[in-house]
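Accompanying notes for the structure given below.
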Amino acid sequence: MEPIHGKDILLSIKIDDEFIPVLCAIDMTFTCSQEVILATTVDTGIWRRKRLRNLSEWSVQVAGLSKIDNTDGQASFFYLLQGNIRGSEQIIQIMFEDADGNTQVLEGTVIIPQLSINANVNSFADASVSFEGTGSVDISEPISDGGESDTCDELMSDIWILAEGEFAVSGLGADGKSFAGKDILEVDREGTQFDYTTGSAGNREFVYDGTEVSFEYEGNPGGEKIFVLWKQ
């Protein structure tokens, strides 16, 4: 049995009897919790005993890239922001698939309590949506084929380590991936996001020539992690 990769998890929302991917998602978190109460008695001793109440709740947080509308095959941030959508119950489906083709689906009714969108002047706008489950979440068979939207390119990422004195990364990363010739979406250096620029890189800027990502030369002491996210 193969493990499930993040790229093989698809979150969709039901629109006109069809499940449509939410954003071009790059990050998704599903949470299910149940209330814990004390079950301590006079015979328990010094250790507290606990038990679960019957009430459970679940939620989903998703973040990704958004386009203006739904015409390209994914539910956009602005569609979900509409009052009649945000203010009413919706049905979502989360499909998990492993490399062997085994599929599992979670489905349930949600409300949308929070949405946000932010953008750096030199990069794509990132949107995030919170779904709060209302009622049960069910494990079911796939209703749709679960195929990815044709317009949501596969996103890849990897990490490079800058050696002492170096100010550029290229070639294969720690996981054997390469961004050469790809459309880079994000570059982080030691957890700090850097902005794309042309010409010479300045403070918190990077230059990409299609082969390598380079930074301002600043006497790098070595060992710094460089995270790169790109469209495959």
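Residues in segment 194-224 that are assigned to a strand (DSSP E or B), in contact with an Asp or Glu (Cβ under 6 Å, 6 or more places away or on another chain) and touching a residue at least 60 places away in the same chain (Cβ under 8 Å) were compared, and the one that is farthest from TRP160 (Cα to Cα) is ASP195. For segment 78-105, a tally of residues being farther than 21 Å from THR29 by Cβ and either outside the structural domain of LEU10 (by TED's automatic domain parsing) or surrounded by 14 or more Cβ atoms within 10 Å (Cβ to Cβ) (or both) returns 3. The residue of segment 176-194 that is surrounded by the most Cβ atoms within 10 Å (Cβ to Cβ), among those that are closer than 13 Å to LEU229 by Cα and either in contact with a Pro (Cβ under 7 Å, 6 or more places away or on another chain) or acidic (Asp, Glu) (or both), is GLU186.
For segment 11-46, what are the residues that are in a strand (DSSP E or B), among the hydrophobic types (A, V, I, L, M, F, W, C) and modelled with pLDDT of 80 or more? Explain how you work it out, then say what you get.
From segment 11-46, those in a strand (DSSP E or B) are 11-15, 18-22, 24-38; that's our starting set.
Adding the requirement that they be among the hydrophobic types (A, V, I, L, M, F, W, C) leaves 11, 13, 15, 19-20, 22, 24-26, 28, 30, 32, 36-38.
Of everything in segment 11-46, those that are in a strand (DSSP E or B), among the hydrophobic types (A, V, I, L, M, F, W, C) and modelled with pLDDT of 80 or more turn out to be LEU11, ILE13, ILE15, PHE19, ILE20, VAL22, MET28, PHE30, CYS32, VAL36, ILE37, LEU38.
Residues in segment 179-231 that are within 26 Å of ALA127 (Cα to Cα), touching a Leu at 6+ places or on another chain (Cβ under 7 Å) and not hydrophobic (A, V, I, L, M, F, W, C): how many? Summing the residues that are within 26 Å of ALA127 (Cα to Cα), touching a Leu at 6+ places or on another chain (Cβ under 7 Å) and not hydrophobic (A, V, I, L, M, F, W, C) in segment 179-231 gives 2.
Consider GLY108 carefully, then state whether it is more than 19 Å from the chain's Cα centre (by Cα), surrounded by 11 or more Cβ atoms within 10 Å (Cβ to Cβ) and modelled with pLDDT of 80 or more.
Details: more than 19 Å from the chain's Cα centre (by Cα): yes; surrounded by 11 or more Cβ atoms within 10 Å (Cβ to Cβ): yes; modelled with pLDDT of 80 or more: yes.
Taking the combined requirement at face value, the residue satisfies it.
The values are calculated or read from the model by the stated rules, or taken from the named source; none is laboratory data. Fair warning: this is a prediction, and the values are worked out from it, not measured in the lab. Positions of Cβ are generated from backbone atoms using ideal geometry, with glycine treated the same way; all protein chains shown enter the neighbour counts.
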